[in-house]
Amino acid sequence: MAELVTIARPYAEAVFRMALENKALAAWSERLSLLSAIASNEQMRACIGNPELSAAQKSALFKSLAGKALAGGEANLIDVLASNERLAALPEIAGLFEGLRAAQEGVKEATIYSAFPLDELQRKTLVSDLEARFKTRLTAEVVVDQSLIGGVKIVVGDQVLDTSVLGKIESLRLALKN
């Protein structure tokens, strides 16, 4: 879907600039999340792709589903996207916006691969330790991967910290091979 991302990028950047100027990043984030959910609905996707509906009808339908959550800027965005037949790009716009917001706020995404499920206290402690190590705020996703045997493997951007049993076995195998 590279084409949809290419279409979505200028809209996401424009919305981000406007939200940044108005100091409304969190509000726009919530609203784009709602709009993305509406656009992702199977019935709504059918309406968006229906050539018998005009841009005004699609826009009005979208606004009615969003309800009172829409302010002037969001309503204008819906109108512009509908008139340019770009409503289907809303999930990508929301995703790109979140990436821009994270970069602005200095937050990086981390993926924690664990051999066993982590409870909330373990997750918070690990994320806190990782934030100190990487010197940045992190949003973490935990993925259970039983092939690790034990321990965790952490991916932050292009950096990997592998303290899993499988990783140590692999290191030992390479050391013995040399």
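Return the residue satisfying two criteria in turn: it lies in the range 132-151 and is of a type in the set (Val, Ile, Thr) and over 16 Å from Glu109 (Cα atoms), and of such residues it is modelled with the lowest pLDDT.
Out of the qualifying residues, it is Ile149.
If Ile154 satisfies all but one of (1) in a helix (DSSP H, G or I); (2) touching a residue at least 24 places away in the same chain (Cβ under 8 Å), what's the number of the condition it fails?
Checking Ile154 against (1) in a helix (DSSP H, G or I); (2) touching a residue at least 24 places away in the same chain (Cβ under 8 Å), the one that fails is (1).
State which residue is nearest to the chain's Cα centre (by Cα) when the search covers only the range 140-178 and only residues that are within 17 Å of Ser114 (Cα to Cα), open to solvent by 60 Å² or more (accessible area, probe 1.4 Å) and charged (D, E, K, R).
Checked the range 140-178; the qualifying residue nearest to the chain's Cα centre (by Cα) is Glu141.
Using beta carbons and a limit of 7 Å, which pairs, at least six apart or on different chains, have the first residue in the range 158-175 and in a helix (DSSP H, G or I) and the second one at pLDDT 90 or above and not small (Gly, Ala, Ser)?
Val165/Leu148; Val165/Ile149; Leu166/Leu148; Leu166/Ile149; Gly167/Lys153
Please go through the range 17-44 and give me each residue that is over 24 Å from Lys58 (Cα atoms) and of a type in the set (Gly, Ala, Ser), ordered by number.
Ala19, Ala24, Ala26
What tally of residues in the range 23-60 results from selecting those that are in contact (Cβ under 8 Å) with a residue 12 or more places away in the chain and outside any helix (DSSP H, G or I)?
Adding up the residues that qualify gives 1.
Going through the range 34-60 one residue at a time, which ones are of a type outside the set (D, E, K, R) and loosely packed, with under 15 Cβ neighbours inside 10 Å?
Within the range 34-60, Ser40, Asn41, Gln43, Ala46, Gly49, Asn50, Pro51, Ser54, Ala56, Gln57 meet the criteria.
Mind checking which residues of the range 114-134 are outside any helix (DSSP H, G or I) and open to solvent by 70 Å² or more (accessible area, probe 1.4 Å)?
Matches in the range 114-134: Phe116, Pro117, Asp119.
From Arg86, Arg137, which residue is surrounded by 15 or more Cβ atoms within 10 Å (Cβ to Cβ), among the charged types (D, E, K, R) and within 27 Å of Leu20 (Cα to Cα)?
Exactly one residue qualifies, and that residue is Arg86.
Check the range 67-83 and report whether any residue there is under 30 Å from Ile154 (Cβ atoms) and modelled with pLDDT of 90 or more.
No, because not a single residue in the range 67-83 is under 30 Å from Ile154 (Cβ atoms) and modelled with pLDDT of 90 or more.
Say we look at the range 61-79 and pick out the residues that are assigned to a helix (DSSP H, G or I) and of a type in the set (A, V, I, L, M, F, W, C); which of these is most open to solvent (accessible area, probe 1.4 Å)?
Leu65
Looking at (1) modelled with pLDDT under 95; (2) out of contact with any Ser or Thr (no Cβ under 9 Å at 6 or more places or on another chain), find the lone condition where Leu121 falls short.
Every condition holds for Leu121 apart from (1).
In contact with a Cys (Cβ under 8 Å, 6 or more places away or on another chain), closer than 20 Å to Asn84 by Cα and among the aliphatic types (A, V, I, L, M): which single residue out of Leu35, Leu53 fits that description?
Being in contact with a Cys (Cβ under 8 Å, 6 or more places away or on another chain), closer than 20 Å to Asn84 by Cα and among the aliphatic types (A, V, I, L, M) holds for just one of Leu35, Leu53, which is Leu53.
Tally up the residues in the range 1-30 that are closer than 12 Å to Leu77 by Cβ, open to solvent by 30 Å² or more (accessible area, probe 1.4 Å) and touching a helix residue (DSSP H, G or I) at 6+ places or on another chain (Cβ under 8 Å), please.
The qualifying residues number 2.
The values are calculated or read from the model by the stated rules, or taken from the named source; none is laboratory data. In this text the structure is predicted, and so the values were computed from the model without any measurement. Neighbour counts run over all protein chains shown; Cβ positions are idealised from the backbone, glycine included. Just the protein is used for accessible areas: all its heavy atoms, side chains included, with ligands, DNA and RNA removed. Shrake-Rupley method; radii C 1.70, N 1.55, O 1.52, S 1.80 Å.
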